[in-house]
Amino acid sequence: MATPRSRKISRFASTTQASNPSSPSSPSSPCPEPVSHARPEQSTPLNEPGPSRRTTHFGFRQVPEEEKETLVGGVFSSVASNYDLMNDSMSLGIHRLWKDSFVKSLVPRLPPSRHSPGNEIWQPSFKCLDVAGGTGDIALRILDRAREQYGNRDVEVEIVDLNQGMLDEGRKRVAKTMYYNTPQISFTHGNAQSLPSHIASNSIDLYTIAFGIRNCTSLPAVLSEAFRVLKPGGKLGVLEFGKVGNPLFAQIYRQYSFSFIPIMGKILAGDSESYRYLVESIEKFPTQEEFATLVQQAGFQTGQLREGKGGAWTDFTGGIATMWTGVKA
């Protein structure tokens, strides 16, 4: 088992080991079972894990599914205040260009807004849901794109994030912008796998999730919820670290990721283990084609299972990052 990710995470790691019935450290019953002539109850065979034994990956570790959410929360609580710094160190600052391209390709041509008297109730003409977007990085880009490119101030973006620390950082950022205290942007604490009940089915024009879906326990559950809340014709956009195609470049990038990024995490944020988890989570994420297949299986229409124009995904910087898109028919 890998070294625990941080002081917060190690507490949960020890809990995981103690609660796992298959753990080598779990003692067997010291007393024999009493003899009974009653008909034995049906039980789950040892070689067929029941619901309580279902596991998933947390970086390179296997943990019970119900514990991953807490462990991931510990990581992002640790890095929330240095999130931009983390992204800069993990991508050498190129993540800003990836996000710009991501938003530019997703925000459609919008009609210019019309100034109206203050007594009219504002109604958004285009509704976006930015999931795992606590810091507001993508949401603010969407609003800026609509305003600067199309003169539109009728876009509404709701940010949903499971981590309160990330939401707090986003609120601080928005307070420095023209969107502060406007109905154009809001923050909601919620789970991507089961979105808050006020987000109705068939109500969203654009669903985005950037560098967040790989931390979710169930990718199909996230995509299913995205499909549910989007309107017919609504668009899904996923931005995530991908797989580098060139073997030599892939080897160099992997060496950089595992050697340099945790060290930078220690220097810049005093936390190497959380950064190591983030690198490991990239390794565990599906390939571009595998994830595109999951998008299709969720019901979305995509391009062909290939990269580039007419394809289901677009690679950035040789595949270090990838954008997947889909449309709800």
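Can you give the FRET efficiency for I94 and E120, using 1/(1 + (r/R0)^6), R0 = 51 Å, r = Cβ-Cβ distance, to the nearest 0.05? Efficiency computed from Cβ-Cβ geometry: 0.75. Give me the accessible area per residue for region 101-172, probe 1.4 Å, as a whole number in Å². For region 101-172, the per-residue accessible area is 48 Å². For D271, the residues 5 or more places off, or on other chains, whose built amide H falls under 5 Å of its own are K266.
Using a 1.4 angstrom probe on heavy atoms only, work out the carbon and sulfur share of the accessible area of region 161-202 in %.
50
Within the assembled protein chains, the solvent-accessible surface assigned to E280 is about 10 Å², based on a 1.4 Å probe. In this structure, the amide hydrogen of K243, modeled 1.01 Å from its nitrogen in the peptide plane, lies closer than 5 angstrom to those of Q288, counting only residues at least 5 positions away or on a different chain. So, with +1 on the Cβ of K and R and -1 on the Cβ of D and E, and no other charges, what is the size of the charge dipole of region 113-247 about its Cα centre, to the nearest 20 debye? About 200 debye. Amide H contacts of F126 (H built 1.01 Å from N, in plane; Pro and chain starts excluded): E156 sit under 5 Å, all sequence-distant by 5 or more or on other chains. Each other residue within a Cβ distance under 10 Å of K235 adds +1 if Lys or Arg and -1 if Asp or Glu, for a net charge of +1.
With the whole protein complex present, R276 retains an accessible surface near 70 Å², based on a 1.4 Å probe.
Here the extension length gained between R171 and L248 equals 23.6 nm, from 0.36 nm per residue of separation less the Cα-Cα distance.
Length available on full extension from H57 to S197: 0.36 nm per residue minus the Cα-Cα distance, which gives 47.6 nm.
Listed values for region 143-155 are Karplus-derived 3J(HN,Hα) couplings in whole Hz (6.51 cos²θ - 1.76 cosθ + 1.60, θ = phi - 60°), namely 5, 5, 4, 5, 6, 6, 7, 10, x, 9, 10, 10, 8, and x replaces Gly and Pro. Ordered by 1.4 Å accessible area with all protein chains kept, T322, T314, T188 run largest first as T314, T188, T322.
Phi angles of region 288-295 translate, via the Karplus equation with coefficients 6.51, -1.76, 1.60 and θ = phi - 60°, into HN-Hα couplings of 4, 5, 4, 6, 4, 5, 4, 4 Hz per residue; Gly and Pro are given as x. Solvent-accessible area assigned to carbon and sulfur over region 208-329 amounts to 56 percent, based on a 1.4 Å probe. Label positions at R306 and V327, each projected 7 Å from the Cα along the C-beta direction, are separated by 2.0 nm.
By a 1.4 Å probe calculation restricted to protein chains, D315 has an accessible surface near 50 Å², given to the nearest 10. Under a crude label model (7 Å from the Cα following the beta-carbon direction), how far is E69 from Q297 in nanometres? In this crude spin-label approximation the distance works out to 2.2 nm.
The values are calculated or read from the model by the stated rules, or taken from the named source; none is laboratory data. Only a predicted model underlies this, so the values are computations on that prediction, with no experimental measurement involved. Every residue, glycine among them, receives a Cβ derived from its backbone with ideal geometry; neighbour counts consider all protein chains shown. Quick note on the areas: whole protein, heavy atoms, side chains included, nothing else; ligands and nucleic acids left out. Shrake-Rupley method; radii C 1.70, N 1.55, O 1.52, S 1.80 Å.
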